[in-house]
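Have a look at the structure below, then the notes.
A short reminder: the numbers here are calculations on the coordinates, not readings from a lab. Everything quoted here is computed from the prediction, not taken from an experiment. Here the Cβ is made from the backbone with ideal geometry for all residues, glycine too, and neighbour counts use every protein chain on show.
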Amino acid sequence: MAQKTDPIAVFDSGMGGISVLKEMVRLMPEEDFIYFGDSLHAPYGTKTTEEVRKLTIGHIQHFIEDLHAKAIAVACNPATSAAVRMLRQMYPDVPLVGVEPAIKPAVLACSHPRVLVMATPVTLKEEKFHHLEAIYDEQAEIIPLPCPGLMEFVEKGILEGEELEHFLREKISPYLEKDLTGIVLGCTHYPFVRREIRSIVGSSVEIFDGSLGTARELLRRLTVAGLHREDNHKGTVTFLNSSDDPDKIRLSAYLFSREI
Ligand code: DGL
C-alpha cells in the first residue's frame, strides 16, 4: 500500500519533462521526486504508437512495482496519448497525470485567437490533438506546426545560439505575418528554448505551456487519494536515465537548475 512518504515518478522520453518537474517541485517542495528520462530511446515523437506504449508501460511498471512510486506524471505528449488510458486501467488506485498541448488557455486568453501549436509530428497526428482542435475550432484559428528536430537541440543541451535560432526562424517566420495571438509549446522539451522563440516572435505574442496545469492536476489527484505529503520534509529530486552516458544526468541537473 502506497505511503505519503513514497516518491513521485516523473517520466519523459528524455530531458523535456524536467520543464514539468520544475513546476511540480515549486508547487510541492515537500515531496520527493524521481525523474526518469528515456534518452536511450528518444525521440518518441517519431515512433509508432505501439512502440511508445510498450516503452512507457514498461517504465511505469518499474516505477510503481520496484521503486514504489506513489504517483506518476507522464510528462511526455506521445507517451500520454499512447499509454495513459491503459495505465489508468492497470493501476486504478495510483494518481496518474499526463500532459496535453495548452490550447485551452491560449484560446481563452483573447477574443480573436490565432494560435500556433508547436509539437512533434506524432502529437499533432494523435486523436488527443484532433479532439482539442475540434473543441476550439469555431472560436479560434488553430495552426499546427510540426517541429521534427527541435527536441534534439534540448537533448544535446543546445538552448541558444546561431544554429538553433536559424532552425526556429525557418519554422516560425512564415507565420509571423498572420497576427498570431499565442504560441502553444506542445512538447515538454520546448519550454527550454522559450527565450529563443520569444526573441523571434517579440513580446506581443503570448507563449503557453501546460506545465503548471499538469502540476496542479497532480496535486489535486494526490490530495484526493490522501497521498499528498503535508509535513515540513525538504523534498529531494533524483535523476535517472536509460542511457549510460553520464552527461545525461549532468544535463538533467543543469536543466533543472536553469531559469526558463
Ligand atoms: N518531450 C516529449 C513531448 O512532450 C517528446 C519528445 C519526443 O520524444 O519526441 O512531446
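For segment 110-255, what does the alpha-carbon gyration tensor say about shape, rounded, prolate or oblate, given a ≥ b ≥ c as the root eigenvalues, a/c under 1.5 as rounded, and a/b over b/c as prolate? In terms of gyration-tensor shape, oblate. Modelled spin labels at Tyr175 and Thr5, positioned 7 Å past Cα toward Cβ, are 4.8 nm from each other. For the peptides 249-260, 66-77, the ranking by mean Cβ contacts within 10 Å, running from highest to lowest, is 66-77, 249-260. Rounded to 0.05, the FRET efficiency of the Tyr91 and Ser243 pair, given R0 = 30 Å and the Cβ-Cβ distance, is 0.70.
If each Cα of the chain is one equal point scatterer, what is log10 of I(q)/I(0) from the Debye formula at q = 0.09, 0.12, 0.13 Å⁻¹? The Debye formula, applied to the Cα set alone, gives -0.38, -0.68, -0.80. The mean sequence distance of close C-alpha pairs (under 8 Å, at least 6 residues apart), as a share of the length of the chain, puts its relative contact order at 30 percent.
Between 0 and 90 degrees, the angle of helix 49-65 with respect to the longest Cα principal axis of the chain falls at about 30 degrees. Summarising the label geometry, the points placed 7 Å from Cα in the beta-carbon direction at Ser199 and Ala225 lie 4.1 nm from one another. Compared with the direct C-alpha span, the chain from Leu40 to Lys104 gains 19.8 nm at full extension, assuming 0.36 nm per residue.
Per residue, the average separation of C-alpha pairs within less than 8 Å and at least 6 apart gives segment 105-260 a relative contact order of 24 percent. Projecting the Cα atoms of Thr188, Gly161, Thr214 onto the dipole axis of segment 137-226, where Lys and Arg carry +1 and Asp and Glu carry -1 at the beta carbon, places Thr214 farthest toward the positive end. Number of Lys-Lys pairs in the chain with C-alpha atoms under 16 Å apart and a separation of 8 or more places or on different chains: 6. Each residue, Thr49 and His112, gets one label point 7 Å from its Cα in the Cβ direction; the gap between the two is 3.7 nm.
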